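Comments concern the structure below.
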Amino acid sequence: MTPAAPRAAVAAAAATIGQALAAAAASLKAAGVAEPRLDARLLLAHCLGVDAGRLLGWPERPLPADAAGDYAGLIAARAARRPLARVIGRREFWGLSFAVTDAVLDPRPDSECLVEAALAAADRARPLTVFDFGTGSGCLLIALLSELPLAEGVGIDCAPAALAVARTNAERLGVGRRARFVASDWGESVGGMCDLALSNPPYIRRGEIESLAPEVARFDPRLALDGGSDGLTAYRRLAPDLAACLRPGGVALVEIGDDPAGPADIFAAVGLALAGIRDDLAGRPRCLVLNRAA
Ligand SMILES: C[S@@+](CC[C@H](N)C(=O)[O-])C[C@H]1O[C@@H](n2cnc3c(N)ncnc32)[C@H](O)[C@@H]1O
């Protein structure tokens, strides 16, 4: 199916909400989208500015022509496998709504386990400094600052366009005064020390990127995915910088892909001992908890 086909099919069938939803779901299914009916509903709700749950009760309602045109455009984008969050420009993470652009990784629910692990390690009664290496949209740092009113943080990324998104998110989500964003190749241009460090570095083996779902392989920034030939390049670069800025007694939470052993060995070699491993929502090991001896 060419990209124009879903647009034409949805526009032609869009006299009522029920007809528009059915045509859109059929187009998304034909394009291989995993949850075509759900995405069709969420995109129409976005288009009309209403709650998605209400649409099912309105099958006979006419769809205004301008909304039908907008909806057809959104469905065409999703049928081209642009992720839903990138089509609507927003992603929910830790109960907060983050702006998402092509410059940043689409935040994953699995990464919320880093925030949980950081909260378990944090002393809420005293001021803390948090560094987030490879901040992207800022989702990890901003989620943590939203929970720790005495904390302040630094989001670090080598991509200036990602930092601009993170800054906007921090302002909009009410933590802008406690967050700074710094352009740096990992820790190279970062001054000072932190009590807590977060990082979700790129860890996909380069040779595996093309086999991932089109939503990931085509739309997440390559810089956010590419972990080199063995998936460990970023850990090797990050580990000494992270060890150098983590205060004695500090804790680092680092996301991993599959096998914890490779990253854990890299951090052990710079004096960061493995204190635990947290699982993601699917029960897979996803977060290393690393301690710097006091
Ligand atoms: C997997 S994404 C994580 C984004 C965000 N923290 C999240 O969890 O959604 C990795 C991030 O690391 C950044 N990055 C890649 N190489 C880097 C480097 N050498 N120095 C700093 N940041 C880097 C990328 O730009 C990207 O934003």
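Here are a few things to note about the model shown:
- Each of the peptides 138-144, 29-35, 154-160 was scored by the mean count of other Cβ atoms within 10 Å over its residues; in descending order, highest first, they stand as 138-144, 154-160, 29-35.
- Within the stretch 177-221, GluC sites (Glu not before Pro) in DSSP loop having at most 15 other beta-carbon neighbours inside 10 Å: E188
- In the assembled protein chains, T135 presents an accessible area of approximately 10 Å² (probe radius 1.4 Å).
- Percentage relative contact order, the chain, counting C-alpha pairs under 8 Å, at least six apart: 14 percent
- Cβ-derived FRET efficiency at R0 41 Å, D66 paired with E188, nearest 0.05: 0.25
- Debye intensity ratio in log₁₀ form over the Cα atoms of the stretch 54-210, taken at each q of 0.13, 0.14, 0.18 Å⁻¹: -0.67, -0.75, -1.06
- Per DSSP, loop trypsin sites (Lys or Arg not before Pro) in the stretch 171-226 with at most 16 further Cβ within 10 Å: R218
- Note on the stretch 1-146: Cα-only Rg and Dmax are 18.8, 60 Å.
- Environment charge at E208 (Cβ cut-off 12 Å; Lys +1, Arg +1, Asp -1, Glu -1): -2
- Relative contact order [Cα under 8 Å, 6+ residues apart], the stretch 12-126, whole percent: 22 percent
- Carbon plus sulfur fraction of accessible area for the stretch 34-141, probe 1.4 Å, in percent: 51 percent
- Residue-span extension gain [D230 to I277] - 0.36 nm each, minus C-alpha spacing: 14.8 nm
- The percentage of C-alpha pairs in the chain whose separation is greater than 28 Å is 43%.
- The stretch 50-150: trypsin sites (Lys or Arg not before Pro) in DSSP loop, at most 12 other beta carbons within 10 Å: R124
- A full extension of the chain between A125 and D259 corresponds to an added length of 44.7 nm, given 0.36 nm per residue minus the alpha carbon distance.
- For the chain, the solvent-accessible area of protein heavy atoms averages 44 Å² per residue (probe radius 1.4 Å; ligands and nucleic acids excluded).
The values are calculated or read from the model by the stated rules, or taken from the named source; none is laboratory data. Since this is a predicted model, take the numbers as computed values, not measurements. Please note: Cβ atoms are built from the backbone with ideal geometry, for glycine as well, and neighbour counts cover all protein chains shown. Side chains are part of the model used for accessible areas, which takes the heavy atoms of the whole protein and leaves out ligands, DNA and RNA. Shrake-Rupley method; radii C 1.70, N 1.55, O 1.52, S 1.80 Å.
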